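I have placed the structure first, in the form of structure tokens, so that the comments after it can refer back to it.
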Amino acid sequence: MRTPIFTGSGVAIVTPFRNETVDLPALGHLIGLQLEAGTDAIIVCGTTGEASTMTYRERMRTIEFCVEQVNGRVPVIAGSGSNATEVTVALSRDAQHAGADGLLMVTPYYNKASQTGLIRHYRVVADAVDRPVILYNVPSRTGVSIAPETYAKLAKHPNIVGVKEASGNLGNIQRTRTLCPEDFYIWSGNDDETVPICVLGGVGVISVVANIAPALMHRLTQLCLTGDYRAAGALQVELKDLCDTMFCEVNPIPVKTAMGLMGLCEDTLRLPLCESSAANRERIRSTLVRYGLIPA
């Protein structure tokens, strides 16, 4: 039986930029803060990390740097998905060579592949690497959703170990849990669904909110993993407004705005993403104050 690459709270870490380049010293500082707060895995160069705006070389250097900084203390999982299978294979092989412990692969966006196409795509990529592969289902961004029956077929591949589920469809997650073997693991891809997904057999979250509240997200998942769902549910409700605020604009605009306000890194984004509106910036500021993350 396969074991999960991690359980608990994995941070979908932002990529800090300064003067149009990746700010590696700032990233190293963020990684250190995450490890001190108990974060269970670092997910680098994903959606929150703005990987789609980075050059190939930047992505690989950022993954390599993350691996160096973490130094084996927790798993490093690299985003290596693309809308082209050949490119996904290249990204995945190079991320593996850079030292990533696992690979996170979003469904091919824009193409809107059929379920048969998704199965072929993921099998080709999984055949090309020897690292655990986590599928990433986020239809609001990609235009396609992985069906539970498709998960059941992909779960037979020895390298495909689970999925980051950000579809918001709890019914499909229940069916996935019914159809798939016990060692096909599910991580929540939506911070505000962490507890419901863990109740349905999930093993944690790949979190945006952990960028600004890592200890809270770690605590939330630990309550779930120890079966204290009453306390976990109460904390999930307590965190609801913070979660909602971090998605008041498209991710990662709000979380980077928050991190700038907290002094964690510059809030620079790469086009076509841009700064928060004035109204949302004030909403983010006031929410951080209310949660005690910045002074009033």
### Whole-percent pair-distance distribution, where bins are 10 Å wide, for the alpha carbons of the range 93-132
28, 49, 23, 1
### Task
Calculate the spin-label point distance for ARG73 paired with HIS97, positioning each point 7 Å from the Cα along the beta-carbon direction, and give it in nanometres.
2.9
### Query
So how many Lys-Lys pairs in the chain land under 30 Å Cα to Cα, not counting same-chain pairs under 8 apart?
9
### Task
When you have a sec, figure out the Kirkwood radius of the range 170-296 from all distinct Cα pair distances and drop it here in Å to one decimal?
15.6
### Task
Report Rg(Cα)/(2.2 N^0.38 Å) for the range 217-283, keeping two decimals.
1.36
### Query
Cysteines without a disulfide-compatible partner in the chain, using Cβ under 4.7 Å as the rule?
CYS45, CYS66, CYS180, CYS243, CYS248, CYS265, CYS274
### Summary
Counting only protein heavy atoms and rolling a 1.4 Å probe, one gets per residue an accessible area for the range 33-155 in Å² of 41
### Message
Based on the alpha-carbon set only, what is the convex hull volume of the range 1-123 divided per residue, in Å³?
### Response
115
### Task
In whole Å, largest first, what are the principal axis extents of the Cα atoms in the range 215-256?
33, 15, 13
### Message
Quick one: the Cα spread of the chain along its three principal axes, in angstroms, biggest first?
### Response
52, 45, 35
### Heavy-atom surface of the range 195-277, accessible at 1.4 Å and reported per residue (Å²)
38
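Expressed in nm to one decimal, what extension gain is obtained for the pair VAL250 and VAL289 from 0.36 nm per residue of sequence separation less their Cα-Cα distance? Display every interim value, and only then the final one.
On the way: separation 39, 0.36 × 39 = 14.04 nm, distance 2.14 nm.
Net length gain for the segment: 11.9 nm.
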#### Entry: Fraction of accessible area attributable to carbon and sulfur, the chain (%, probe 1.4 Å)
51
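Within the chain, what's the longest stretch lacking GluC sites (Glu not before Pro) that sit in DSSP loops with no more than 12 other Cβ atoms inside 10 Å?
Counting at most 12 other Cβ atoms within 10 Å as exposed, the longest clean stretch of the chain is 21-181.
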### Message
Given points 7 Å out from each Cα along the Cα-Cβ axis, report the ALA296 to ALA128 separation in nanometres with one decimal.
### Response
5.5
### Cα-projected label distance for ARG270 with ASP228, points at 7 Å along beta-carbon direction, nm
4.1
### Task
Sort largest first and round to whole Å: the equivalent ellipsoid semi-axes of the range 78-171, each the square root of five times a Cα gyration tensor eigenvalue.
20, 14, 12
### Task
Determine one quarter of the surface area of the Cα convex hull of the range 20-75, which equals its mean projected area, and express it in nm² to one decimal.
3.8
#### Entry: Pairwise FRET efficiency - ARG120 versus THR178, Cβ, R0 = 22 Å, nearest 0.05
0.35
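The values are calculated or read from the model by the stated rules, or taken from the named source; none is laboratory data. Note that the coordinates shown come from a computational prediction; the quantities given were computed from them, not determined experimentally. Positions of Cβ are generated from backbone atoms using ideal geometry, with glycine treated the same way; all protein chains shown enter the neighbour counts. Side chains are part of the model used for accessible areas, which takes the heavy atoms of the whole protein and leaves out ligands, DNA and RNA. Shrake-Rupley method; radii C 1.70, N 1.55, O 1.52, S 1.80 Å.
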